[in-house]
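Enquirer: Questions regarding the structure given below will be posed in turn.
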Amino acid sequence: MRVAIVGSGFAGSLLARILAVQGHDVVLLERGTHPRFAIGESSTPLANLTLERLARRYGLDDCYDLAAHGRWIARFPELRRGLKRGFTFYRHHAGRRFANAGLGSERLLVAASPNDHVADNHWLRADVDHHFVRAAVQAGVEYRDRVEVTDDTLKALHVDFVVDASGPGGFLARELAIPSRLDRMHTHAGLLFSHFDGVRLMPDVVPGLPSGPYPDDWAAVHHIIEEGWLYSLRFDHGVTSAGFLLRDRVPGAPEEMWRHLLRRYPTIGALFGNAKPLFPLSYKPRIQHRLARAAGPGWAMLPHAFAFVDPLFSTGIAWSLRAIERLALSFENGGGCVPGERDLARYESQLSAEADQIDWLVAGAYHAMAHFDLFAAHAMIYFAAVSFAEVNQRIHATETAAWSGFLGVGDPRLGALPRASLRRLRHTRTREDRREFVRWVTRSIAPRNVCGFANPATHGLYPVDLDMLVQRHAVLGMSRESLVSALPALRA
Ligand SMILES: Cc1cc2nc3c(=O)[nH]c(=O)nc-3n(C[C@H](O)[C@H](O)[C@H](O)COP(=O)(O)OP(=O)(O)OC[C@H]3O[C@@H](n4cnc5c(N)ncnc54)[C@H](O)[C@@H]3O)c2cc1C
């Protein structure tokens, strides 16, 4: 069977390779060329677990090595990446330096890994995507770049199935006139971004912060401000990817907007004041997109072609890899033919529910940003959902994880929380409302809270704590003894 994949980001290239490994005749079509600049860099434990499953099932040993920082460096030192030990958040206030209030600082650190060796990575996409394209070609994929793909191109190639991996390029949206459903989305933000040289470390700018579970900057760093937030992802070679997500446009050209925001937030100004953009700063007024369909007879979209919400909580890579895994299994079910109607319908309904889930979660977070206690509590819904999924996937390492819902979708305890939280946050006004919100989150995540989140005694500093996990064995439906014997799988 002949399959065309339109778009050769990591997602299109990896799926192309897997389908070639399955024995399909695959053509990968790219509008541009590699290496090329791309944003969307910060990976997560769930992303890496999927990479490892794909590696095992399809014999992709590079994917296994790219799933952990230590293995990546040992095997592919030339592919640039950054150590990511967790998620760091700070709340800044206009006109004031970030206040070091010791353990009472507006600071939240959630570790995603116990050490550097097994840690996640920020992917320098120019290198990583290029690697995936080369690996696809080696696996027998026919790769054509600088192609302006049209319906006629596909007809001439006699393809039986098309995968749209063109990201916001929206290839099939145009070809099939698929309507936008942006009106469904609650998140609304513009993006001001570049890559930078010379960004300073937080402890150099705000000395004396209490030590956290990992060094603050070796993480996906989120600086929350009144207008939205700034992401800052540090690569090992000293370059930092950074971008402001802004609810409303700040006046001026991108450079003026950047300077204005650095002046307004003195600590961010100190971090980025001497940093040099490696590409001209760019501004996109709205980065969200969402379509009415994600699959149909003879075609499917990868998540980034179907919908995008926001970089908050680094959902993009993990979601894309999960979708690759589902499509690959659907092709296997097809037994040499195109994926069946049932699999495609299931694929589409999962993606649609997950796009809503990400949107509710992120929109809620934007509401909560007004008060750090609210934000930190709302974020616990994300951390409870992903850590519960991660522990389950590590303990029961099977391919059934592919179809499990992303971010708690379909989970009777977690599924409804992001939407309920957004609703509550819209009506949370007083200090007492805020306290009640924190209590509500704590109660609501309890049935899935394997890592002890929402615990005031931690002061917002959460290490990977296996003792805590053992204590919470009942949440996983396991005896203490069976969880203890599963610990090696959890440490891996
Ligand atoms: C500001 C921002 C920050 C992000 N941060 C994170 C993060 O920290 N962590 C995370 O997990 N995710 C993040 N994401 C999401 C992440 O970028 C995506 O999940 C990821 O890029 C998806 O990869 P992809 O290969 O599907 O698509 P892309 O990377 O978008 O690749 C699409 C490819 O298709 C090609 N193309 C486009 N149109 C056509 C056409 N008509 N014909 C042929 N080729 C075409 C393009 O040239 C490109 O090579 C972020 C996204 C944004 C916008």
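No lab work stands behind these numbers, since they all come straight from the coordinates. What you are looking at is a predicted structure, and each value in this text was computed from that prediction instead of being measured. For neighbour counting, all protein chains shown are included, and Cβ atoms are generated from backbone atoms with ideal geometry for every residue, glycine included.
Enquirer: Across 10 Å bins from the origin, how do the percents of Cα pairs in the stretch 1-157 run, short distances first?
Expert: 10, 32, 28, 16, 9, 4, 0
Enquirer: Principal axis lengths of the chain from Cα atoms, whole Å, largest first?
Expert: Extents along the principal axes: 64, 59, 46 Å.
Enquirer: Given q = 0.20, 0.26, 0.32 Å⁻¹, what are the Debye log10 I(q)/I(0) values for the stretch 305-351, with equal point scatterers placed on the Cα positions and solvent ignored?
Expert: -0.69, -0.95, -1.18
Enquirer: Moving to a separate point now. Nearest 20 debye, what's the magnitude of the dipole of the chain about its Cα centre given +1 on Lys and Arg Cβ and -1 on Asp and Glu Cβ?
Expert: 1260 debye
Enquirer: Taking 0.36 nm per residue of sequence separation and subtracting the Cα-Cα distance, how much length would be gained by fully extending the chain between Asp248 and Arg429, in nm to one decimal? Write out the running numbers ahead of the final one.
Expert: Working: separation 181, 0.36 × 181 = 65.16 nm, distance 2.17 nm.
Residue separation times 0.36 nm, minus the Cα-Cα distance, leaves 63.0 nm.
Enquirer: Next question. Given all pairs of different Cα atoms, what value in angstroms does the Kirkwood hydrodynamic radius of the stretch 262-323 take?
Expert: Numbers: mean 1/r = 0.0666 Å⁻¹.
Result for the stretch 262-323, one decimal place: 15.0 Å.
Enquirer: Taking each pair of different alpha-carbon atoms in the stretch 269-418 once, compute 1/r for the pair, average those values, and report the inverse of that mean as the Kirkwood hydrodynamic radius in Å to one decimal.
Expert: Numbers: mean 1/r = 0.0577 Å⁻¹.
When all Cα pairs of the stretch 269-418 are included, the Kirkwood radius is 17.3 Å.
Enquirer: Sticking with this one: What fraction, in whole percent, of alpha-carbon pairs in the stretch 73-229 exceed 19 Å separation? It would help to have the intermediate numbers written out before the result.
Expert: On the way: 8787 of 12246 pairs.
The proportion of pairs with Cα distances above 19 Å equals 72 percent.
Enquirer: Also, quick follow-up: Can you tell me what percent of all Cα-Cα pairs in the stretch 74-144 are more than 18 Å apart?
Expert: On the way: 1536 of 2485 pairs.
That tail contains 62 percent of the Cα-Cα pairs.
Enquirer: Only helical DSSP H runs with n ≥ 4 go in: add -39500 (n - 2.57) per run for the chain, normalise by residue count and round the 222 nm mean residue ellipticity to 500 deg cm²/dmol.
Expert: Helix-only estimate at 222 nm: -12500 deg cm²/dmol.
Enquirer: Place a point 7 Å from Cα of Thr153 in the direction of its Cβ. Which residues in the stretch 113-142 have their backbone N less than 19 Å from it?
Expert: Backbone N within reach: 130, 133-134, 136-137, 141-142.
Enquirer: Here is a further query. Using bins 5 angstrom wide from zero, how does P(r) for the stretch 138-187 break down, in % of all Cα pairs?
Expert: Calculated over all Cα pairs of the stretch 138-187, the distribution is 4, 13, 23, 25, 15, 8, 7, 5, 1 percent.
Enquirer: What fraction, in whole percent, of alpha-carbon pairs in the stretch 199-274 exceed 20 Å separation? Don't jump to the answer; show the numbers that get you there.
Expert: Values: 899 of 2850 pairs.
When every Cα pair of the stretch 199-274 is considered, 32 percent fall beyond 20 Å.
Enquirer: Through the Karplus equation 6.51 cos²θ - 1.76 cosθ + 1.60, θ set to phi - 60°, convert the phi angles of the stretch 217-224 into ³J(HN,Hα) values in whole Hz; use x for Gly and Pro.
Expert: Calculated HN-Hα couplings, in order: 7, 8, 6, 7, 9, 10, 9, 8 Hz.
Enquirer: Moving on. By the scheme Lys and Arg +1, Asp and Glu -1, what is the net charge of all other residues having a beta-carbon under 13 Å from that of Ala74? Mind showing how you got there, number by number?
Expert: Values: positive: Arg71, Arg75, Arg81; negative: Asp61, Asp62, Asp65, Glu78, Asp116.
Every neighbour counted, the sum reads -2.
Enquirer: Which value in Å is the Kirkwood Rh of the stretch 108-193 over different Cα pairs? Present the calculation step by step, with values, prior to reporting the outcome.
Expert: Working: mean 1/r = 0.0570 Å⁻¹.
When all Cα pairs of the stretch 108-193 are included, the Kirkwood radius is 17.5 Å.
Enquirer: For the pair Ser404 and Arg31, what calculated FRET efficiency results from E = 1/(1 + (r/R0)^6), where r is the Cβ-Cβ distance and R0 = 41 Å, to the nearest 0.05?
Expert: On the way: r = 33 Å, r/R0 = 0.81.
So the FRET efficiency works out to roughly 0.75.
Enquirer: What area, in nm² and to one decimal, does the C-alpha convex hull of the stretch 287-370 cast on average over all directions? Let's see the in-between values first.
Expert: Details: hull surface 21.6 nm².
Result: 5.4 nm².
Enquirer: Based on Cα coordinates alone, diagonalise the gyration tensor for the stretch 251-298, multiply each eigenvalue by 5, take square roots, and list the semi-axes in whole Å, largest first. Kindly include the intermediate steps, with their values, before the conclusion.
Expert: Numbers: eigenvalues 253, 29, 25 Å².
Largest first, the stretch 251-298 gives 36, 12, 11 Å.
Enquirer: Compute the separation of the alpha-carbon centres of the stretch 61-120 and the stretch 392-420 and state it in Å as a whole number.
Expert: Between the Cα centre of the stretch 61-120 and that of the stretch 392-420, the gap is 24 Å.
Enquirer: Over the Cα atoms of the stretch 42-111, Rg to Rh with Kirkwood Rh, two decimal places?
Expert: Numbers: Rg = 17.6 Å, Rh = 14.7 Å.
Looking at the stretch 42-111, the ratio lands at 1.20.
Enquirer: So what's the gap between the Cα centers of the stretch 8-30 and the stretch 290-318, to the nearest angstrom?
Expert: Using only Cα atoms to place each centre, the spacing works out to 17 Å.
Enquirer: Please report the relative contact order for the stretch 1-122, taking Cα pairs under 8 Å with a sequence separation of at least 6, and give it as a percent rounded to a whole number. Mind dumping the intermediate values first?
Expert: Working: 151 pairs, mean separation 29.0, N = 122.
Dividing the mean separation by the residue count of the stretch 1-122 yields 24 percent.
Enquirer: Here is a follow-up. In the neighborhood of Glu332, defined by Cβ-to-Cβ distances under 12 Å, what is the net charge if each Lys or Arg adds +1 and each Asp or Glu adds -1?
Expert: Details: positive: Arg57, Arg326; negative: Glu325, Asp343, Glu399.
The answer is -1.
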